[in-house]
Amino acid sequence: MMKSIWSIFVACSLSLFSACEQSEPALMEETEHLDNQANQKADAQHKTGQYIGDNTGKVLKIEIGTPEREFDTVSVDTSNTNTNKIGTNNIGTSKIDVANNHSRPQEKPIPQSTTKPIKTTPFNVRRCMNMGNALEAPREGDWGYTITAQDLRTIAQAGFDTVRIPIRWDAHANHRAPYTIDASFMTRIKTVVREAQTAGLGVIIDVHHYENLMAHPAREQARFLAIWDQIARNFAKASDTVYFEVLNEPTLQLSSQQVNVLYAKALPIIRATNPSRKVILGGNSWNSIESLGAVRWPRFGGKTDPNLVATFHDYGPHEFTHQGAEWSNPVHPLGRHWGGRSDMAELADTYGTAKKFQARTGLPVFIGEFGVIEKVPVAERFAWTKTRRMTMEAHGFSWCSWDFAGVFKSYDKNTGRWLPGAQDAFFGR
């Protein structure tokens, strides 16, 4: 019965995709400088330059107040953001629900113009698992999960090719320049990366739960850049199957303009030691699909950077995927089911928007998080997951499930088994 219901879901969704996909010319924004007003605001406290270093004591001078590099920009209408699609899976942390957050700066309309899509190199991530609730906790283990080498082997053996490791770097970095990351924490990250690579997995390293940056962008900018300088230097010689994701789910006081300022400053720091590594960038409002078009894609060496990847997160509809989540505001009641006409329309709208974005920009599209909280019946959770995953693959998008063993879990650490329906949801046809 579940299989037949799921088949109806897929059939309905594919028919809606056919209706919503329209041919359109390839569009990209022309090169433009960042808004001067945004620059002045973001740089006001850091005009003299800051020095940052890695664990070896080397330093790099970053001129915070210098003009930005050029951008390739993509147009977006930010006036109609659907907050129901915005997902978060913070456990044990305070969170302001986007639907009730009126303090975020208003976005300025982004000018529209046309040019050719970016020519990119292949992004080899296809099937990815998030190692959530571990290294993005204040301390690994605080939220009930610690990554093990056996977990990574289990993931590889199931058929995944990559793991995404959410990391709360700022909880382990000094608050004074040069903002040095704790050596033992860096060693732990290197160990997890090595164990994943030994298991045959690619690894995505991100900056996760940097709440002070979201609340105080100007104050935290130099520290954020210092953290990235150290990450980049420490992994400069890593395999090309190690990927960098600059910032997970920017939100709150971090407007799209300020996100673009951070990307413009962070990418040259990364490229100084990792000139061809894949770098993943997403929009604000918790990496929503609606904000992805507002990202201004930084140039490298005066040219479009062929090693950038676009990401968004998919928890739609939020009332279903996050029902009963205590950290949501308001808390969505239990008992919401998924699969009706409005749900299929939401699915078609999300991936129709993503497909049009890819056609305009030429960028690889990576859904960096998607999943359903464990409070939902397992059959419903994985019916949603399978439909989402097959939709992503039908459009040629890469994906990364949230998560392995947290409160959106697909694997039971107590029994040492995948949950019923999980493997079919990820790999079945």
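Considering the stretch 229-243 alone, what residues qualify as being of a type outside the set (Ser, Thr, Tyr) and surrounded by fewer than 23 Cβ atoms within 10 Å (Cβ to Cβ)?
Within the stretch 229-243, Ala232, Arg233, Asn234, Phe235, Ala236, Lys237, Ala238, Asp240, Val242 qualify.
Can you name every residue in the stretch 365-374 that is surrounded by fewer than 23 Cβ atoms within 10 Å (Cβ to Cβ) and touching a residue at least 40 places away in the same chain (Cβ under 8 Å)?
Listed by number, the list holds a single entry, Ile373.
How about the stretch 202-276: which helices (runs of 4 or more DSSP H) wholly inside it have at least 2 residues that are in contact with a Ser or Thr (Cβ under 9 Å, 6 or more places away or on another chain) and of a type in the set (A, V, I, L, M)?
217-234
Filter the stretch 125-155 down to residues that are farther than 16 Å from His208 by Cα, among the small types (Gly, Ala, Ser) and under 15 Å from the mean Cα position of the chain (by Cα), then give me how many there are.
0
May I ask you to list the residues in the stretch 398-429 that are in a helix (DSSP H, G or I) and buried (at least 18 other Cβ atoms within 10 Å of the Cβ)?
Once the filter is applied, which keeps residues that are in a helix (DSSP H, G or I) and buried (at least 18 other Cβ atoms within 10 Å of the Cβ), the stretch 398-429 yields Ala422, Ala425, Phe426.
Among the numbered conditions (1) within 14 Å of Gly316 (Cα to Cα); (2) without any contact (Cβ under 8 Å) to a residue 40 or more places away in the chain; (3) of a type outside the set (Asp, Glu), tell me where Gly335 comes up short.
(1)
Go through the stretch 156-178 and count every residue that is within 20 Å of the chain's Cα centre (by Cα) and either farther than 25 Å from Pro250 by Cβ or part of a loop (DSSP other than H, G, I, E, B) (or both).
Matching residues across the stretch 156-178 total 5.
Quick check on the stretch 119-132. Is at least one of its residues surrounded by 14 or more Cβ atoms within 10 Å (Cβ to Cβ), small (Gly, Ala, Ser) and either assigned to a strand (DSSP E or B) or in contact (Cβ under 8 Å) with a residue 12 or more places away in the chain (or both)?
yes
When you go through Phe224, Phe185 one by one, which is the residue that is without any contact (Cβ under 8 Å) to a residue 24 or more places away in the chain and among the aromatic types (Phe, Trp, Tyr)?
One residue alone meets the criteria, Phe185.
Given (1) in contact with a Cys (Cβ under 8 Å, 6 or more places away or on another chain); (2) free of Cβ contacts under 8 Å to residues at least 60 places away in the same chain, identify the lone condition not met by Pro377.
(1)
Conditions (1) within 21 Å of the chain's Cα centre (by Cα); (2) assigned to a strand (DSSP E or B); (3) under 22 Å from Ser255 (Cα atoms); (4) among the β-branched types (Val, Ile, Thr), marked per residue:
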{"site": "Glu290", "(1), (2), (3), (4)": "yes, no, yes, no"}
{"site": "Phe312", "(1), (2), (3), (4)": "yes, yes, yes, no"}
{"site": "Pro330", "(1), (2), (3), (4)": "no, no, no, no"}
{"site": "Leu347", "(1), (2), (3), (4)": "yes, no, no, no"}
{"site": "Phe357", "(1), (2), (3), (4)": "yes, no, yes, no"}
{"site": "Val372", "(1), (2), (3), (4)": "yes, no, no, yes"}
{"site": "Glu380", "(1), (2), (3), (4)": "no, no, no, no"}
{"site": "Arg389", "(1), (2), (3), (4)": "yes, no, no, no"}
{"site": "Gly396", "(1), (2), (3), (4)": "yes, no, no, no"}
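Do we find a residue being within 26 Å of Gln197 (Cα to Cα), surrounded by fewer than 22 Cβ atoms within 10 Å (Cβ to Cβ), touching a residue at least 40 places away in the same chain (Cβ under 8 Å) and of a type in the set (A, V, I, L, M, F, W, C) anywhere in the stretch 271-294?
Checking the stretch 271-294: at least one residue is within 26 Å of Gln197 (Cα to Cα), surrounded by fewer than 22 Cβ atoms within 10 Å (Cβ to Cβ), touching a residue at least 40 places away in the same chain (Cβ under 8 Å) and of a type in the set (A, V, I, L, M, F, W, C).
Taken together, the values in this text are just the output of simple stated rules run on the coordinates, not laboratory data. Keep in mind that what you see is a predicted model, and the values were worked out from it rather than measured. All Cβ positions, glycine included, derive from the backbone under ideal geometry; neighbour counts span all protein chains shown.
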